[in-house]
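Reviewing the structure listed below.
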Amino acid sequence: MLTGKRIVLVISGGIACYKSLDLIRRLRERGARVRAVMTAGSQKFITPLAVGALTADKVYTELFDREAEQDVGHIRLARDTDLIIVAPATANLMAKMAHGIADDLATAVLLATDRPVLVAPAMNPKMWANPATLRNVETLKRDGRHFVGPNRGEMAESGEAGLGRMSEPLEIVAAAGALLRSGSQAEAAKPLAGRRIVITSGPTHEPIDPVRYIANRSSGKQGHAIAAAAAAAGAEVTLVAGPVNLPDPQGVTVVHVETAREMLAAVKTALPADVAVMAAAVADWRVASEGGQKIKKDGSGKPPSLEFVENPDILATVGHDEALRPKLLVGFAAETQNVLENAQGKLTRKRADWIVANDVSATTGIMGGDANTVRIVSASGIEDWPSMDKQEVAVRLVQRIADHLKRL
Ligand code: CTP
């Protein structure tokens with residue numbers, strides 16, 4: 001059950017260290033690769049020589065060891081692993097973990113890691129029952145650290161008994177297995193893990209002069225919801241956002257732009273990607289001669305005339321550029337009439353794989369609103385989705401994207 005799993009075992013200094021040697025054997029028997037990090041305290045109880053003989057690997061002891069840092073370094077030790085087990089975890093080590101102290105290699109690895117951590121405490125029952133220790137355990141649990149034990153029983157020190165014995169090696173192995181299994185289930189809930197996705201959202205603002213601009217009613221709600229849903233599905237997301245009144249979605253790299261030309265440049269920089277979703281309502285035209293000065297009334301009563309030039313079409317540019325084009329290119333079609341016909345036209349003209357078409361007539365309330373009624377138009381047909389929340393549209397679209405990528 002641990003075949004091929006990489007485990008970092010942090011051994012801190014308590015008498016229960018002798019059980020860590022057996023723990024290494026048990027983990028390796030089940031196919032895990034174990035790298036050990038030892039505190040100075042643990043080396044008073046067992047030697048790096050014994051630990052290294054059992055891990056069949058280098059034993060890591062020093063934070064400022066040039067050779068070890070060049071070899072893997074404490075950051076890679078902290079990250080290039082599936083799980084970190086701290087066994088035994090002394091009261092002192094847990095106190096440091098709870099407070100973010102990193103004054104040796106073991107604590108630096110524990111502070112630097114973004115991997116699951118399983119803590120197997122071992123200490124005298126009085127130390128375990130001390131309010132300071134209990135507070136630290138609470139903090140560590142809140143921080144998402146997992147615990148196995150301690151057990152009740154005889155202490156190694158003669159005449160002491162109570163809660164504080166380290167869990168047996170096989171109990172720790174079982175807890176590690178369960179943790180890794182639940183981790184892989186969580187991974188399954190992230191169907192876009194390892195995928196890069198670029199999303200455009202919101203309107204663009206096209207300046208007329210330094211104080212005026214042309215805009216549209218797009219709120220960015222749909223595009224931002226797609227970015228959030230893609231990030232929640234594990235994708236690495238770059239959101240190129242026009243001016244909107246929305247917070248940046250969590251876990252997403254957001255590039256803020258104003259104009260269509262800036263949006264195109266940002267999209268080109270963000271590509272290549274596995275998927276691009278162009279949800280922005282890009283202004284089709286900009287003013288030909290954006291003035292450096294504010295346009296003034298000239299007293300004649302005649303309004304100024306504005307000349308327009310066409311903006312670059314971001315979706316079409318990406319669709320027609322083999323080097324930029326992602327595996328899956330999704331466009332939107334905001335229509336007020338002939339929704340399907342127009343969407344199909346955009347699909348071929350812009351070389352998109354799918355067009356998410358919606359009717360944005362004023363009466364639908366879609367532009368700027370919270371709900372959306374869409375149809376997915378692709379070469380293989382048309383799919384009608386019921387009216388739903390923009391968040392739900394986003395989640396469903398992301399799921400459809402993930403399913404499609406799996407089949408490619
Ligand atoms: N789009 C784009 N760049 C533009 C215009 C549109 O990338 N300059 C993208 C939109 O993000 C959307 C799709 O093209 O994914 C269709 O946008 P839409 O405004 O509906 O279409 P238009 O190209 O403006 O076509 P029309 O004027 O016929 O409605």
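Roughly what would the spin-label model give for Phe308 and Asp403, points 7 Å off Cα along C-beta, in nm?
Roughly 3.8 nm, to one decimal.
I'm a student and want to see the number: the projected area of the Cα convex hull of the stretch 6-188, averaged over all directions, in nm².
For the Cα atoms of the stretch 6-188, the hull's average projected area reads 9.9 nm².
Using the structure shown, list the pairs from Lys5/Lys190; Lys221/Lys296; Lys58/Lys126; Lys5/Lys44; Lys190/Lys268 with a Cα-Cα distance above 24 Å, or answer none.
On the way: Lys5/Lys190 20 Å; Lys221/Lys296 36 Å; Lys58/Lys126 35 Å; Lys5/Lys44 29 Å; Lys190/Lys268 26 Å.
Distance filter (> 24 Å) returns Lys221/Lys296; Lys58/Lys126; Lys5/Lys44; Lys190/Lys268.
Checking the cross-link filter: which lysines have an alpha carbon closer than 20 Å to that of Lys302, excluding same-chain neighbours under 8 positions apart?
Lys294
To the nearest 10 degrees, how steep is helix 339-349 against the longest Cα principal axis of the chain, on a 0 to 90 scale?
80 degrees
On a 0 to 90 degree scale, rounded to 10, what angle separates helix 390-407 from the longest Cα axis of the chain?
Taking Cα atoms only, the helix is inclined about 70 degrees.
With an 8 Å Cα cut-off and a minimum separation of 6 or more residues, compute the relative contact order for the chain in percent.
11 percent
So for the pair Lys44, Tyr18, with labels modelled 7 Å out along Cα→Cβ, what separation do we get in nm?
Once both label points are built, they end up 1.7 nm from each other.
Would you mind pulling out the separation of the Cα centroids of the stretch 225-279 and the stretch 314-332, in Å?
Their Cα centres are 15 Å away from one another.
Suppose every K and R has +1 on its Cβ and every D and E has -1 on its Cβ; what is the size of the dipole of the chain about the Cα centre, in Debye to the nearest 20?
540 debye
Compute a Gaussian network model of the chain, connecting alpha carbons closer than 10 Å, and tell me which residue from Leu239, Leu49, Leu179 fluctuates the most.
The residue with the greatest mean-square fluctuation here is Leu49.
For Arg217 and Arg152, compute 0.36 nm times the residue count separating them, minus their Cα-Cα distance, and round to one decimal in nm.
16.9 nm
If only Cα atoms are counted, what is the Rg of the chain, and what is its Dmax, in Å?
Considering the chain through its Cα atoms, Rg and Dmax are 29.3, 104 Å.
If you take every residue apart from Arg407 with its C-beta less than 15 Å away from the C-beta of Arg407, what net charge results, scoring Lys and Arg +1 and Asp and Glu -1?
Here the count lands on +1.
On a 0 to 90° scale, report how tilted helix 169-188 is relative to the longest principal axis of the chain, with both axes built from alpha carbons and the result rounded to the nearest 10.
Helix 169-188 and the main axis of the chain meet at about 0 degrees.
Using alpha carbon centroids, what distance separates the stretch 96-127 and the stretch 337-408, in Å?
Distance between centres, Cα-based: 49 Å.
Give me Tyr60, Tyr213 ranked fewest to most by other Cβ atoms within 10 Å of their Cβ, as a rough exposure proxy.
On the way: Tyr60 25, Tyr213 18.
Result, fewest neighbours first: Tyr213, Tyr60.
Please identify, among Leu306, Leu192, Leu347, the residue showing maximal mean-square fluctuation in a Gaussian network model of the chain using a 10 angstrom Cα cutoff.
Looking only at Leu306, Leu192, Leu347, the largest GNM fluctuation is found for Leu306.
Could you compute the FRET efficiency for Ala362 and Glu322, with r as their C-beta to C-beta distance and R0 at 30 Å, rounded to 0.05?
Computed FRET efficiency for Ala362 and Glu322: 0.15.
Grab the other residues whose beta carbon is less than 14 angstrom from that of Ile84, score K and R as +1, D and E as -1, and report the net.
Values: positive: Lys5, Arg6, Arg33, Arg35, Arg76, Arg79, Arg115, Arg145; negative: Asp80, Asp82, Asp114, Asp143.
Net local charge, Ile84 excluded: +4.
Which residue, Val86, Ala362, Met263, has the largest displacement toward the positive end of the dipole of the chain when charges sit on each Cβ (Lys, Arg +1; Asp, Glu -1)?
Comparing the listed Cα positions along the dipole, Val86 ranks first.
Can you give the local net charge around Asn124? Use residues other than it whose beta-carbon is closer than 9 angstrom to its beta-carbon, Lys and Arg +1, Asp and Glu -1. Could the numbers behind the result be given before it?
Numbers: positive: Lys126; negative: Glu157, Glu160.
Surrounding charge for Asn124 is -1.
Between Glu187 and Thr336, how many nm apart are label points set 7 Å from Cα along the C-beta direction?
5.1 nm
Quick note: the coordinates plus some simple rules give every number you see, no bench work behind them. Predicted model, so just to flag it, every value in this text is computed and none were measured. All Cβ positions, even for glycine, are placed from backbone atoms using ideal geometry, and neighbour counts span all protein chains on display.
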